Amino acid sequence: MDRYFKKLSSVDSSSVEPSLLQPQESSNENKNKVDLENLPSDPGERPDIMSYPPNLIEQVRRAYLLKGPCQPRNHDFRPTVDGNRKRKFVSHWFDEFKDWLEYSVTKEAAFCLYCYLFSRLHGNGQDAFVSGGFTVWRKKERLRDHVGNHKSAHNRCRLACEDLMNQAQHIEVSFAKQSTQSKLDYRLRLNATIISLRYLIMQGLPFRGHDESEESLNQGNFLEFLKVISSCNEEIASVVLKNAPENLNLTSPDIQRDIINAFDVETTKAIVHDMGNEFFSILVDECRDVSVKEQMGVVVRYVDKYGCVIERFLGVVHVSDTAATSLEKALDYLLSTYDLSISSLRGQGYDGASNMRGEFNGLKSLILKRNSSAYYVHCFAHQLQLTIVAVAKKHKIVGSFYNSISRLCNTVGGSCKRRDILREKQRENIIKEIASDEISTGRGLNQEMSLKRPGDTRWSSHYGTLVSLIHLYSSIVDVLEYVGEDGHDDSIRAEADDVLEIINSFEFVFVLHLMKQILGITHELSQVLQKKDQDIVNAMNLVKVAKSRLQIMREKDWDILLADVSRFCSKYDLDVLDMEDEFVARKKGRRRAEKMKNLHYYRVELFCSVIDLQAQELNQRFNEVNTDLVLCMSCFDPRDSFSAFDLEKLLRLARYYPSEFSEVALSELENQLENFIFDVRIDEKFSQISGISGLAQKMVSTRKHEVFPMVYLLVKLSLILPVATASVERAFSAMKIIKTSLRNSM
């Protein structure tokens with residue numbers, strides 16, 4: 001568990017300059033250094049003990065005690081005249097006072113080692129055995145007098161020396177031992193808390209419970225998970241919960257928020273460090289949470305050091321309102337928090353709301369006024385959904401078809417009993433089909449399905465509804481028949497009979513299969529557009545592919561579609577119309593219907609009309625295809641040995657970024673582009689790559705980004721341009737999982 005603590009508390013030294021990590025020695029630090037191996041041995045040559053640096057005095061004292069007193073026994077002690085006799089130091093005095101008595105050869109005097117070391121703290125620093133030295137050799141008793149009784153200054157200094165050398169009994173050592181154990185316990189307790197919080201965050205679970213008292217049977221996810229951890233490890237159990245100090249439990253909500261904030265800071269710091277000083281774009285969207293507060297989510301898109309396109313969630317900011325100026329202030333606050341600047345912005349992607357993409361007062365326009373290179377792209381996935389909604393609203397028959405589906409969902413899913421009947425009928429039908437070998441069995445096959453109502457704001461929901469309806473058609477008919485016969489209310493029975501008549505009609509089945517086939521094409525496009533590493537040029541190509549498939553469907557797939565519809569009708573005993581018969585409208589209006597054959601109605605009025613409308617909406621919504629910026633970026637497409645390469649267009653693309661490419665830089669870029677295209681066309685490593693993102697990664701892996709730095713910069717600017725805001729949408733989906741109504745009611 002120690003690794004979790006290290007991850008939380010460590011600082012990435014790679015982001016700091018090496019020079020800052022090395023201690024810079026100064027002249028003052030040199031003065032504070034003491035060579036403990038070469039301290040003066042002669043007591044007469046020693047400086048005052050208090051003249052040493054305060055932080056080194058204890059080390060100096062210990063060094064002298066380890067060496068022992070200076071006792072030159074073989075020295076020829078110099079005699080001094082005392083009255084009529086010559087007297088001198090006697091060497092056997094060293095044996096009598098061997099633990100403290102010293103002799104200075106330079107001063108020819110005796111000193112006390114204990115008092116030299118501690119007299120300033122425990123005795124008289126002016127004593128002869130400390131200051132100038134003892135030389136009255138005829139008075140040997142002075143040596144014993146210096147020692148004195150147990151309260152003397154000498155003995156106090158001796159005890160201080162013994163305590164210094166006996167660290168095991170020193171009070172500071174005792175405190176240090178206790179402090180070390182407390183630190184180990186705290187670290188273990190903190191690790192257990194961190195593990196619990198990490199698990200709950202990863203699972204999107206609320207931390208607290210309604211009742212966290214000791215008498216509660218369920219104290220909430222955090223405390224209960226901490227109990228589980230402690231029950232599996234006795235070492236952890238000994239320091240957490242009841243065994244933790246009352247003022248250091250590390251379980252309070254404030255502590256939880258502090259640790260979560262540390263997660264946030266360290267994670268975001270890692271993201272910003274990975275971005276470095278690179279250019280980036282932003283994906284922004286706003287959403288109302290369960291507490292009815294407007295939240296703005298921000299995702300950054302950049303190219304990392306490996307040439308990969310990365311989209312990272314940066315944060316959620318509460319905004320008082322959704323006006324463009326409020327969103328701009330909140331965005332500035334979030335970016336400045338992590339030392340990111342609007343000047344490094346090279347792209348912005350939003351949905352189609354007016355406060356976002358407004359030409360005059362939208363967030364897009366406010367940012368473009370400050371940074372003209374922050375080009376705006378309307379979310380591709382959002383535009384694709386708008387084309388589907390537009391077809392449903394603009395085409396009368398398709399609009400009526402989706403209204404019928406909404407009525408169907410309300411009728412079938414209006415009660416739990418009807419849902420249970422639908423599931424039971426589905427199970428019975430699957431068993432029959434397995435018994436007749438109509439469907440195969442295996443892991444993951446024949447799963448339970450449900451009928452969901454399509455939503456204008458839920459991507460791919462229309463397609464999912466149609467797929468479910470086709471698979472559940474027989475079960476749905478059974479439910480409608482049951483409701484029509486045994487419904488508890490006349491209006492419910494009438495509605496069920498009416499919906500049943502509609503879905504059993506040939507026209508409904510035809511539109512069902514037609515829209516499923518059309519939306520199947522756009523569904524694949526929607527799924528691809530939501531990938532994080534998608535680049536805008538590849539997205540444009542995918543839109544072109546979708547348009548081409550629609551055109552091929554219009555020209556060649558009529559017979560295939562009609563055959564599928566006929567087989568479906570035959571399977572479920574529905575009437576199959578003869579295309580040569582005269583068309584009869586299901587509902588006759590006041591206006592006299594124009595006479596036409598079924599073939600004309602279903603092929604022209606429905607099949608071709610709906611496909612043309614879908615293609616028209618794609619052309620209108622994805623107008624970025626025709627912009628010069630995207631057309632220039634498409635010249636980096638590596639397909640067919642860079643067949644789309646156009647030097648003039650790429651130079652024109654560079655002029656869209658005047659801050660990065662001056663006139664001088666443009667001439668250098670031109671040379672690099674010419675050398676680059678010649679190099680990659682003859683290099684087999686570049687023959688199998690697809691998309692601009694693959695080109696960037698291959699340039700990094702082959703180190704060509706160092707050979708052609710300006711070309712690589714232009715490639716990165718092309719990749720930074722956003723495609724879809726799916727990453728922000730996913731963040732809001734996660735927020736709904738974490739910030740639930742239960743948590744909001746606490």
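Given a Förster radius of 30 Å and the C-beta distance between residue 41 and residue 163 as r, what FRET efficiency does 1/(1 + (r/R0)^6) yield to the nearest 0.05?
0.80
Working out 0.36 nm times the residue gap between residue 678 and residue 336, then minus their Cα-Cα distance, what length gain in nm do you get to one decimal?
Length gained between residue 678 and residue 336: 118.8 nm.
Given (1) 229; (2) 307; (3) 580, which label gives volume of the Cα convex hull per residue in Å³ as computed from the coordinates?
Comparing each candidate, only (2) matches the computed number.
Sorted by accessible area (1.4 Å probe), largest first, how do 468, 238 line up?
Greatest to least solvent exposure: 238, 468.
Report residue 400's accessible area, 1.4 Å probe, all protein chains in place, as a number in Å² to the nearest 10.
Accessible area of residue 400: about 60 Å².
As a test of reading the structure, rank 81, 290 by solvent-accessible area (1.4 Å probe, protein chains only), most first.
81, 290
For the stretch 278-377, what proportion of DSSP beta bridges, expressed in % and rounded to the nearest 5, is antiparallel?
75
Does the stretch 202-247 come out rounded, prolate or oblate, given a ≥ b ≥ c as the square roots of the eigenvalues of its C-alpha gyration tensor, rounded meaning a/c under 1.5 and, failing that, prolate meaning a/b above b/c?
oblate
How large is ³J(HN,Hα) for each residue in the stretch 520-528, as worked out from phi by the Karplus curve 6.51 cos²θ - 1.76 cosθ + 1.60 (θ = phi - 60°), to whole Hz, x for Gly and Pro?
x, 5, 6, 5, 4, 4, 4, 5, 5
Once the whole set of protein chains is in place, how much accessible area is left on residue 491, using a 1.4 Å probe, in Å² to the nearest 10?
80
Could you look at the chain and say what percent of its accessible area is carbon and sulfur, using a 1.4 Å probe and all protein chains?
Percent of accessible area from carbon and sulfur atoms in the chain: 49.
Calculate for the chain the 222 nm mean residue ellipticity that helices alone would give, adding -39,500 (n - 2.57) per DSSP H run of length 4 or more and normalising by residue count, nearest 500 deg cm²/dmol.
Helix contribution divided over all residues of the chain: -17000 deg cm²/dmol.
Can you send over the solvent-accessible area of residue 725, 1.4 Å probe, protein chains only, in Å² to the nearest 10?
0
Exceeding 22 Å between C-alpha atoms, which entries from my cross-link table qualify? They are 33/107; 425/571; 394/547.
Listed pairs above 22 Å: 33/107.
Could you work out how much longer the chain between residue 559 and residue 657 gets when fully extended? Use 0.36 nm per residue separation minus the Cα distance between them, nm to one decimal.
This chain segment gains 30.2 nm when fully extended.
Any chance you could run the full-extension gain for residue 548 through residue 252? It's 0.36 nm times the residue separation minus the Cα-Cα distance, nm to one decimal.
100.5 nm
Only Cα pairs under 8 Å and at least 6 apart count here; give the relative contact order of the chain as a rounded whole percent.
About 12 percent, as a whole number.
Rounded, prolate or oblate: which fits the stretch 596-746 when a ≥ b ≥ c are the square roots of the eigenvalues of the alpha-carbon gyration tensor, with rounded for a/c under 1.5 and prolate only if a/b beats b/c?
Oblate is the answer for the stretch 596-746, as a/c is 1.5 or above yet b/c matches or exceeds a/b.
Tell me, what is the per residue accessible area of the stretch 637-745 in Å², probe radius 1.4 Å?
Spelled out: the 1.4 Å probe surface of the stretch 637-745, per residue, equals 49 Å².
Please state the charge dipole magnitude for the chain, taken about the Cα centre, from unit charges on C-beta atoms (+1 on K and R, -1 on D and E), reported in debye and rounded to the nearest 20.
Once rounded to the nearest 20, the dipole reads 2240 debye.
Would you mind classifying the stretch 43-168 by shape? Square roots of the alpha carbon gyration tensor eigenvalues, ordered a ≥ b ≥ c; an a/c under 1.5 is rounded, otherwise it is prolate if a/b is larger than b/c and oblate if not.
Here the stretch 43-168 falls in the prolate category.
The values are calculated or read from the model by the stated rules, or taken from the named source; none is laboratory data. Note that the coordinates shown come from a computational prediction; the quantities given were computed from them, not determined experimentally. Quick reminder, even Gly has a Cβ in these numbers, built from the backbone with ideal geometry, and neighbours come from all protein chains shown. When the accessible area is computed, the model is the full protein with side chains, heavy atoms only, and any ligands, DNA or RNA have been set aside. Shrake-Rupley method; radii C 1.70, N 1.55, O 1.52, S 1.80 Å.
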